[in-house]
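Structure first, then comments.
The values are calculated or read from the model by the stated rules, or taken from the named source; none is laboratory data. Owing to the predicted nature of the structure, the values given are computational and were not obtained by experimental measurement. With ideal geometry, Cβ positions are generated from the backbone for all residues, glycine too; neighbour counts draw on all protein chains shown. Note: areas computed on protein heavy atoms with side chains; ligands, DNA, RNA excluded. Shrake-Rupley method; radii C 1.70, N 1.55, O 1.52, S 1.80 Å.
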Amino acid sequence: MSEQSARAFGRDPFPALLPRDDSGFQFVFYGDCCSGIPGTQAEANFAAVNAVVQRLSPAPEFICFIGDHIGGLDDDPEAVRRQWCYWLDHEMAWLDPAIPIYHTTSNHNTPNAQAEVIWRETFPGLPQNGPPGQEGLSYYVRRGNLLLVCTNSAWSGLGGSGHVECDWLDRVLAEHADAVYKLVAGHYPIFPVNGYTDYPLWRVVPSQARPFRDVLLRHGVLAYLCSHIIAFDVQAHDGLLQILTGGAGTNYGPGGFMPGQTEYLHAIQCAVDRAGLRYQVLDTDGCARESLSWPFETPARHSWKAIPFGTGNLRDPNPWWEPDQPVATILLWRFRGARAPDAVFGDQTLFCAWCADEGPATLSIGLAAKSNILTVQLVPEAGGGAQTWTGPALAPGQPFDFQLALHTGMGPGGVLWRKDERTPWSSLLSSSARGAERMAKPQHWTLGHAQSGVGDHPFRGTDLSVTWCRAS
Ligand SMILES: [Fe+2]
């Protein structure tokens, strides 16, 4: 959550992000309200989110609603039909009929074959261009330069919730290779979010998520838009963004969200153009609580500064963290060296930064014992303990050269790594629901060992060299 960039707009219309060239689009996506029944908390929550969407100026060119519109899960088909009628004819009655809304299936919308029949009755106008057996459940739309594929991740014929097909998706993306902007939506995340790793309960089963991800990467899809977890989350994987929005009203999880300590009701307004993708996450107070411009610019290598071996002070001035920044802080490090030839049985430190009054290091970048997996540990909130992010394993005895980024506008997905400037960024894996956005500003740093000195979890390899810079 990046509250540095929060902007309050009162009750007046507030500005939508607009494409920066004529080829682009601006739109809204949100999902997961489990509404459709009068008088519920879900209805009130959904109304509050919709009130914010209605204030956008200009209005979105289209809306994508990524599943769990209704609570569903009722054996009485008439009760389910009543929920759909209430959702469409009452709760969404405010929507200008000229603004198309593209819907996705989900575990609450289409939990079984009977619900799929009702879905098809409810949305007879959706394109019937899906894979065999899933016509009207999966589909794509082409809007000029933009291809939007709404995938079904809950088909009764394929194992139900948390399952996806890839062949039709591969063919559609190949047939629309000329689309400048390719977006794919589906209810279930393909990468776990906030530690919700259980599958198929909370994400697509890995055996199907991997080929699905490969299809998206092979065809240059800009982002996979998903929901299901009651949260907002963004991650990058080989440059592909997974943007999760599950904040339209569902009350579920610890504190009513997953989890309530970090998440909030929201909708996302997004613009795509030839320079990339930007979004703002709008809460029900009319604040853009989080925002991102992707990809971010990286300064040329010659402008990066070397960090000398040893220990240093980050106070007066602190070159990394400047208070009250209107935009996210993006710190980059380049690590070079050679790993120890044999297995090392203790954690090794590449870089460590800390505050004198905090127990665990504010930020520690190193290699895990035995596995030599790139590991980042940081304290998302002062006094709240450390969380861990993991990346690739570094080969024993081999030289390494990689870059690490800490992006305070991307939440837990903002701990990223890449091999070099020619390779795309990937988020490291973590169960944390927060990233570095509230991390305390470290006062001291050290290279090659932890806080206590040269014998404290030292780097056991050779030729360690580190440079750093800020990006924007
Ligand atoms: Fe769901």
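Please tell me if Arg460 is touching a residue at least 24 places away in the same chain (Cβ under 8 Å), open to solvent by 60 Å² or more (accessible area, probe 1.4 Å) and not polar (S, T, N, Q). In short, yes. Determine if the range 66-79 includes at least one residue that is in a helix (DSSP H, G or I) and free of Cβ contacts under 8 Å to residues at least 40 places away in the same chain. Checking the range 66-79: at least one residue is in a helix (DSSP H, G or I) and free of Cβ contacts under 8 Å to residues at least 40 places away in the same chain. Exactly one residue out of Leu222, Leu201, Leu244 is within 14 Å of the chain's Cα centre (by Cα), open to solvent by 10 Å² or more (accessible area, probe 1.4 Å) and free of Cβ contacts under 8 Å to residues at least 60 places away in the same chain, and it is Leu222. Scanning the range 406-439 for residues that are in contact with a Phe, Trp or Tyr (Cβ under 9 Å, 6 or more places away or on another chain), hydrophobic (A, V, I, L, M, F, W, C) and under 23 Å from Ile307 (Cβ atoms) yields Leu406, Val415, Leu416, Trp417, Trp425, Leu428, Met439. Output yes when any residue across the range 167-181 is away from the ligand (no atom under 15 Å from the Cβ), within 17 Å of Gly130 (Cβ to Cβ), assigned to a strand (DSSP E or B) and without any contact (Cβ under 8 Å) to a residue 60 or more places away in the chain, and no when none is. Scanning the range 167-181 turns up no residue that is away from the ligand (no atom under 15 Å from the Cβ), within 17 Å of Gly130 (Cβ to Cβ), assigned to a strand (DSSP E or B) and without any contact (Cβ under 8 Å) to a residue 60 or more places away in the chain. For the range 155-166, a residue qualifies if it is within 16 Å of the ligand (Cβ to nearest atom) and within 28 Å of Val28 (Cβ to Cβ), and the qualifying residues are Trp155, Ser161, Gly162, His163, Val164. When the strands (runs of 3 or more DSSP E) confined to the range 361-465 are screened for residues that are among the basic types (Lys, Arg) and more than 12 Å from Leu350 (Cα to Cα), those reaching at least 1 such residues are found at 415-418.
Selection over the range 18-39 of residues that are under 20 Å from Met258 (Cα atoms) and either at pLDDT below 95 or not acidic (Asp, Glu) (or both) gives a count of 6.
For every residue, the table says whether it meets (1) within 16 Å of the ligand (Cβ to nearest atom); (2) crowded, with 19+ Cβ neighbours inside 10 Å.
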residue	(1), (2)
Leu56	no, yes
Arg82	no, no
Glu91	no, yes
Thr104	yes, yes
Ala113	no, no
Pro127	no, no
Pro132	no, no
Arg142	no, no
Asn152	yes, yes
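Just to check your reading of the model, which residue among Ser426, Ser432, Ser472 is small (Gly, Ala, Ser) and open to solvent by 30 Å² or more (accessible area, probe 1.4 Å)?
Details: Ser426 fails: open to solvent by 30 Å² or more (accessible area, probe 1.4 Å); Ser432 fails: open to solvent by 30 Å² or more (accessible area, probe 1.4 Å).
The unique qualifying residue is Ser472.
Apart from one condition, Leu374 fits all of (1) surrounded by 20 or more Cβ atoms within 10 Å (Cβ to Cβ); (2) within 17 Å of Ala436 (Cα to Cα); the exception is (2). I'd like the full set of residues that are aliphatic (A, V, I, L, M) and modelled with pLDDT of 95 or more, limited to the range 380-405. Selection gives Ala386, Leu404, Ala405.
Of all residues in the range 87-115, those satisfying the criterion of being out of contact with any strand residue (DSSP E or B) (no Cβ under 8 Å at 6 or more places or on another chain) and outside any loop (DSSP other than H, G, I, E, B) are Leu88, Asp89, His90, Ala113, Gln114, Ala115.
So is His108 more than 17 Å from Val164 (Cβ to Cβ) and either open to solvent by 70 Å² or more (accessible area, probe 1.4 Å) or touching a Lys or Arg at 6+ places or on another chain (Cβ under 6 Å) (or both) or not?
Numbers: more than 17 Å from Val164 (Cβ to Cβ): yes; either open to solvent by 70 Å² or more (accessible area, probe 1.4 Å) or touching a Lys or Arg at 6+ places or on another chain (Cβ under 6 Å) (or both): no.
No, not satisfied.
Would you pick out the residues in the range 271-281 that are aliphatic (A, V, I, L, M) and in a loop (DSSP other than H, G, I, E, B)? Break it down into steps so the answer makes sense when it comes.
Restricting attention to the range 271-281, the residues satisfying the condition of being aliphatic (A, V, I, L, M) are 271-272, 275, 277, 281.
Within the range 271-281, Ala275 is the sole residue that qualifies.
Of all residues in the range 16-46, those that are assigned to a helix (DSSP H, G or I) and either open to solvent by less than 10 Å² (accessible area, probe 1.4 Å) or away from the ligand (no atom under 16 Å from the Cβ) (or both) total 4.
If you check Thr349 against the conditions, is it modelled with pLDDT of 85 or more, more than 16 Å from Leu416 (Cα to Cα) and either surrounded by 13 or more Cβ atoms within 10 Å (Cβ to Cβ) or within 29 Å of the chain's Cα centre (by Cα) (or both)? Answer is yes for this residue. For Asp238, the requirement of being of a type in the set (Asp, Glu) and over 22 Å from Asp273 (Cα atoms) is not met.
Do you know which residues across the range 260-275 are open to solvent by 10 Å² or more (accessible area, probe 1.4 Å) and modelled with pLDDT of 95 or more? Within the range 260-275, Tyr264, Leu265, Arg274, Ala275 meet the criteria.
Report whether or not Arg213 is open to solvent by 20 Å² or more (accessible area, probe 1.4 Å) and modelled with pLDDT of 95 or more. So Arg213 fits the description; yes.
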